[in-house]
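Inspection log for the structure reproduced underneath, given as structure tokens.
The values are calculated or read from the model by the stated rules, or taken from the named source; none is laboratory data. Keep in mind that what you see is a predicted model, and the values were worked out from it rather than measured. Here Cβ is always computed from backbone atoms with ideal geometry, including for glycine, and neighbour counts include all displayed protein chains.
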């Protein structure tokens, strides 16, 4: 259960990408990993990390073979669906002070209404100084929330579809209340609190990265404690198990190993810290340079010769809604880590579609290591689907397949995973690194 306790702590301390990077670095440093900047040269057996804009991080164990012969990657994303504060968020309406938001990633708007919410993030002032903000996590302290109409007055609201009755522009956080008749007295009072508590002014919110997330800690679920109920398990369940697999590697591998934790997957892997960027080639270039092996051709060969498990979650079969799944090809809670040959939607759009040669090799690795695993796809054809980072790794010519944990209530404020699947994921990533 040490892994599960570590996982819960990781979820509690890492509700944003930046927090996940910080939490991962703390674990890595305790395991003997050092910043790559501390090394003049790298050699086999060295354990290093490199941080990318504070929102992505890579952990390498240098192998005996040249990097050009490829790297074994396990790659997860550490961003999760949430509500981001707009650049000018503070608004007062008839005495209630709101924080205006813009949702991030695919959410069902109605699930975020009338639940306790916390605010996590950073604010940068013009002088370059930084204020870290965590509000709403103290069990005895205040939180934020979004209000809704009482059922007695919701006749017209209830006629709308689930995708319409809570518009995105209505996802405003209740942040304060004013009883004064003075115009914007509540807004001014809130801004005074922000300046007193965090040393920030309203203009500083123009250069802020503040995320509203569910308030509260990860919990065991069920009388048998066989499941985990928590925010952000997509995809931090794969991030933590990927991380622990490399931190606990024994000895020096033949091929170098890397756990890569990236950002922006939930919005298409865009931006400088997402996989649809120069991030991967930049990180590998740094390692090759420290080993004295870098050239553009060697980098191209290294990426082409690499193998990757795109460690991302999949939808667990839901017995309450069986019509959405091809049961024979579905992933089930508690049946082991899940491999998906292809993701995407409808005609495999947005998929990398893994090669069968690679799948056969992985089957042998898993069977030899005694790892419990499933082979599945997300849903029935034409029901739905979604992309992952796999296609961006495949762009380099490397072998890649999605491999992760099944999740119920995916993209909701509180997601469900099985303890046994979390353990299976860790075992699968460990076996892959050791093969």
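Data overview
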item	result
Among the residues listed as 206, 243, the single one being in a helix (DSSP H, G or I) and surrounded by 24 or more Cβ atoms within 10 Å (Cβ to Cβ)	243
Per-region count, segment 130-175, residues out of contact with any helix residue (DSSP H, G or I) (no Cβ under 7 Å at 6 or more places or on another chain) and not in a loop (DSSP other than H, G, I, E, B)	16
Where residue 363 falls short, out of the listed (1) modelled with pLDDT of 95 or more; (2) over 20 Å from the mean Cα position of the chain (by Cα); (3) buried (at least 21 other Cβ atoms within 10 Å of the Cβ)	(3)
Which listed residue is at pLDDT 95 or above and over 21 Å from residue 80 (Cα atoms), from 419, 400	400
Filter result (loosely packed, with under 15 Cβ neighbours inside 10 Å and over 25 Å from residue 404 (Cβ atoms)) within segment 37-76	37, 38, 40, 41, 43, 44, 45, 64
Test: residue in segment 408-425 that is free of Cβ contacts under 8 Å to residues at least 60 places away in the same chain and surrounded by fewer than 22 Cβ atoms within 10 Å (Cβ to Cβ)	yes
Among the candidates 216, 186, residue that is outside any helix (DSSP H, G or I), crowded, with 20+ Cβ neighbours inside 10 Å and in contact with a strand residue (DSSP E or B) (Cβ under 9 Å, 6 or more places away or on another chain)	216
Segment 275-306 - residue that is free of Cβ contacts under 8 Å to residues at least 60 places away in the same chain and within 30 Å of residue 81 (Cα to Cα) and, of those, surrounded by the most Cβ atoms within 10 Å (Cβ to Cβ)	277
Which numbered condition residue 76 fails, given (1) under 17 Å from the mean Cα position of the chain (by Cα); (2) outside the structural domain of residue 26 (by TED's automatic domain parsing)	(2)
Members of segment 179-201 that are in contact (Cβ under 8 Å) with a residue 12 or more places away in the chain and closer than 27 Å to residue 109 by Cβ	186, 187, 190
Criterion violated by residue 221 - all others in (1) surrounded by 15 or more Cβ atoms within 10 Å (Cβ to Cβ); (2) in the same structural domain as residue 334 (by TED's automatic domain parsing); (3) within 27 Å of residue 428 (Cβ to Cβ) satisfied	(2)
Filtered residues of segment 257-292 (kept if touching a helix residue (DSSP H, G or I) at 6+ places or on another chain (Cβ under 6 Å), closer than 19 Å to residue 307 by Cα and either modelled with pLDDT under 95 or not in a helix (DSSP H, G or I) (or both))	257, 259, 261, 275, 276
Filter pass, residue 297 being over 27 Å from residue 417 (Cβ atoms) and touching a strand residue (DSSP E or B) at 6+ places or on another chain (Cβ under 9 Å)	no
Hits in segment 219-234 (condition: under 22 Å from residue 55 (Cα atoms) and not in a helix (DSSP H, G or I))	230, 231, 232
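This table checks each residue for (1) crowded, with 16+ Cβ neighbours inside 10 Å; (2) out of contact with any strand residue (DSSP E or B) (no Cβ under 7 Å at 6 or more places or on another chain); (3) under 20 Å from residue 262 (Cα atoms).
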position	(1), (2), (3)
78	yes, no, yes
83	yes, no, yes
98	yes, no, no
118	yes, no, no
126	no, yes, no
133	yes, no, no
